[in-house]
Amino acid sequence: MNNLYNPATLKFLDRQLEKQFLVYYFSQKIRQQRRALILGLILYLLFSILDIVMVPDKKMIFLSLRFLVMAPAAVMNLLWTYHRSYKKYDQLALFISNLVGALVIMIMIFIAEPPVTYLYYAGEILVIIYAFTFSGLRFIWSLALGLLVIFIYQMTAIINDTPVLYIVNNNFFFISANFLTLTASYIIESTMRNDFYSSRLLKIEKEKVSELNKNLEKTVLLRTQQLEQINQKLIIELNKSNELYNQQKALQEQLVQSQKMQAIGYLAGGVAHDFNNLLTVINGYAEILLNEIAPESKYYDPIDQILQAGGKAADLVRQLLAFSRKQVMHPEIIDMNHLIKNFEKMIIRLIETHIQLDFQYLEEPIKIEVDPRQLEQVILNLVVNARDAMPKGGKLTLKTATVEISEDNNSRFEKNEKGKFAVLSVSDQGTGMDENTLNHIFEPFFTTKVVGKGTGLGLSTVYGIIAQSQGTVYVNSKPGEGTEFTILLPLQDQELIEEEIKIEFAMDYHGKGIILIIEDNNDVRSYLEVTLNYFGYDTLAAHDYDEAFPIFKQLNANIDLVISDVMLPGISGEKIIEKFRLIKKDLKFIIISGYANEYLKDEDPIATGNFLPKPFNQKQLMEKVKNHLSH
């Protein structure tokens, strides 16, 4: 923070910031100034006992100086602190009071006879310590007072014919006391200035987070209202077709539900993409602040809370992406039975003792292609819903099976294509749901739980993950008869892949190299530059292809890595990489995006190993960069 203020005078370079600090300084120090004036007055008068003992023949002069000069000056200063005009002149008033105290002692030194006069030099040191550390005098005023007092001391010593040995000795202690107390004054004020500036930054960040939350709520509310209007129009249109056969009406209702879920999916994906950019910036800068502040600082915990809140917001966004089927998936061929068995302990910990758990597994392996972590999330959400539906107890059953759907036996699973499928069912003996509730359960933010109990994203996340895994979710429920969720996922013929045990070592993220950043979001681009520069990398930045191409064409031999967003004006990030690779075939690159785009499925050169989803933290970014540059 040294570049914020003049290191010699400790004055902020920004005039407005300096004015704000002076107001802050006065509010923090006014009580200390009053206490210091009272304490200084008491000590100054108590030392009159020394005058009576050491200079009895001149005690009246010394007592007059203490009681008729210094005491009134201190009292007037103290009384002035309670007047509103004092705020403007507090430093000048303190300077004068302390100078008067020093001058009075100088006069005593001049009047007293050696060797008694030498003892009063200690009084000057006490005045310095008091003025620089206790009185609330700022550093620049303390420096001026110290230099002036030293000068006056030298003149007094010379006029008073003080022996050179005493002058040298007293100067050593006098100047040392000046230096030490000025150093303390400097540290105290610079610490206050740093604290003031940090608290100001923290307040700004809190206001940003608060404003983002308000905007998110407004955006969700507006989009929800728009969707409700669309739903109303669709219902009106459907009501006009009552004359159609019951079968046609049922098909139309299914179409409406599908369109509604698709519309909500587009909404969720769009909102999630925008807020992933914002969360990348908020969490990134909060992480930078946290790394720069000591854990014992009073600002460490508030910034950590900002980072934790940002993490929770990122989790909500991930759930929205799951529903909209735009999240990054890492599918593997796994045995569904094996996954659930390994997850049993977690499920048992979630269930209260008054609920009976029943696991029913098919004997042979059930091979499916899914993201294991995402399927665990699906099971977790369904189990928690089942638990909450049985407050008075009951039985919760998880069952695995396989089914082959053909023209003859597809009545229960009419929405599925024909073929062989893995079946996972989660059933409870809870309160159940009516038809109206069933029509809305997969919609984001819809919940039947009390306020504060759930986010309304649990089942929408289940819907999105299973749909993105090429599966289907069926629900069977009636009020008072419990609920059964049945998930169908395509069976696979491939061999199971054993998990590799990876040993992770602590990584040093610092390095050297030139990295070209292509990002149209100014805040995200700035955060990437700040973070990469912090770890020693040089950066080149561009808003889009038109800015990036001349830079790459001229400096491609020196560019070690390209980091590009997917969605850019004019031409997408992956197309830019293709064009750059025509110039430099061995180009290393990282693609970043707010959600997993369709190119991850179709584009072979743009593999998931080069993809980094937003929002990412400092560790994820730098691990990706380090891994790419080290290979």
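The values are calculated or read from the model by the stated rules, or taken from the named source; none is laboratory data. Because the structure is predicted, anything quoted here is derived from the model rather than measured. As a convention, Cβ positions derive from the backbone with ideal geometry for all residues, glycine included, and neighbour counts pool all protein chains shown. Keep in mind that these areas ignore ligands, DNA and RNA; they rest on the heavy atoms of the full protein, side chains included. Shrake-Rupley method; radii C 1.70, N 1.55, O 1.52, S 1.80 Å.
Of all residue pairs spaced 6 or more apart or on separate chains, those with beta-carbon atoms under 7 Å, a first member in the range 184-208 that is over 14 Å from Lys298 (Cβ atoms) and a second member that is among the aromatic types (Phe, Trp, Tyr) and surrounded by 15 or more Cβ atoms within 10 Å (Cβ to Cβ) are Ala184/Phe132; Ser185/Phe132; Ser185/Phe139; Tyr186/Phe139; Glu189/Phe139; Arg193/Tyr5; Arg193/Phe21. Taking first residues from the range 562-589 that are farther than 22 Å from Ser526 by Cβ and partners that are in a loop (DSSP other than H, G, I, E, B) and open to solvent by 10 Å² or more (accessible area, probe 1.4 Å), the Cβ contacts under 6 Å between residues at least 6 apart in sequence or on separate chains come to Glu574/Glu603; Ile583/Asn556; Lys584/Asn556.
Can you name every residue in the range 94-103 that is within 44 Å of the chain's Cα centre (by Cα) and open to solvent by 10 Å² or more (accessible area, probe 1.4 Å)? The one that is within 44 Å of the chain's Cα centre (by Cα) and open to solvent by 10 Å² or more (accessible area, probe 1.4 Å): Phe95. In summary, Ile466 fulfils each of the numbered conditions (1) hydrophobic (A, V, I, L, M, F, W, C); (2) at pLDDT below 90; (3) not in a helix (DSSP H, G or I) with the single exception of condition (3). Restricting to the range 113-136, name every residue that is under 52 Å from the mean Cα position of the chain (by Cα) and outside any helix (DSSP H, G or I). Selection gives Ser135, Gly136.
Residue by residue, here is whether (1) more than 30 Å from Glu495 (Cβ to Cβ); (2) modelled with pLDDT under 75; (3) of a type in the set (Phe, Trp, Tyr) holds:
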| site | (1), (2), (3) |
| --- | --- |
| Thr397 | yes, no, no |
| Glu404 | no, no, no |
| Glu407 | yes, yes, no |
| Asn410 | no, yes, no |
| Lys420 | no, no, no |
| Lys449 | yes, yes, no |
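Entry remark, the range 108-124: residues being at pLDDT 75 or above and among the β-branched types (Val, Ile, Thr) number 2 in total. Looking across the range 1-10, the residues that are surrounded by 10 or more Cβ atoms within 10 Å (Cβ to Cβ) and not in a loop (DSSP other than H, G, I, E, B) come down to Leu4, Tyr5.
Working carefully through the options Lys367, Lys399, Lys395, find the one that is in contact with a Ser or Thr (Cβ under 7 Å, 6 or more places away or on another chain), open to solvent by 20 Å² or more (accessible area, probe 1.4 Å) and either of a type in the set (A, V, I, L, M) or on the phi < 0 side of the Ramachandran plot (or both).
Lys399
Among the residues of the range 157-176, are any over 22 Å from Leu39 (Cα atoms), open to solvent by 60 Å² or more (accessible area, probe 1.4 Å), at pLDDT 80 or above and within 47 Å of the chain's Cα centre (by Cα)? No, the conditions are met nowhere in the range 157-176.
Out of everything in the range 11-60 that is under 32 Å from the mean Cα position of the chain (by Cα) and among the acidic types (Asp, Glu), what residue ends up being surrounded by the fewest Cβ atoms within 10 Å (Cβ to Cβ)? Restricting to residues being under 32 Å from the mean Cα position of the chain (by Cα) and among the acidic types (Asp, Glu), the top hit is Asp14.
The residues on offer are Leu255, Leu279, Leu238, Leu234, and the sole one that is modelled with pLDDT under 85 and exposed (fewer than 14 other Cβ atoms within 10 Å of the Cβ) is Leu255. Residues satisfying the criterion are present in the range 137-153 (criterion: modelled with pLDDT of 85 or more, under 30 Å from Leu41 (Cα atoms), open to solvent by less than 50 Å² (accessible area, probe 1.4 Å) and not in a helix (DSSP H, G or I)). Screening Tyr245 against (1) more than 29 Å from Ala144 (Cβ to Cβ); (2) modelled with pLDDT of 75 or more; (3) aromatic (Phe, Trp, Tyr) leaves a single unmet condition, (2).
Tyr266: hydroxyl-bearing (Ser, Thr, Tyr), modelled with pLDDT of 75 or more and either in a helix (DSSP H, G or I) or under 30 Å from Thr191 (Cα atoms) (or both), yes or no? Against the criterion (hydroxyl-bearing (Ser, Thr, Tyr), modelled with pLDDT of 75 or more and either in a helix (DSSP H, G or I) or under 30 Å from Thr191 (Cα atoms) (or both)), Tyr266 does not qualify.
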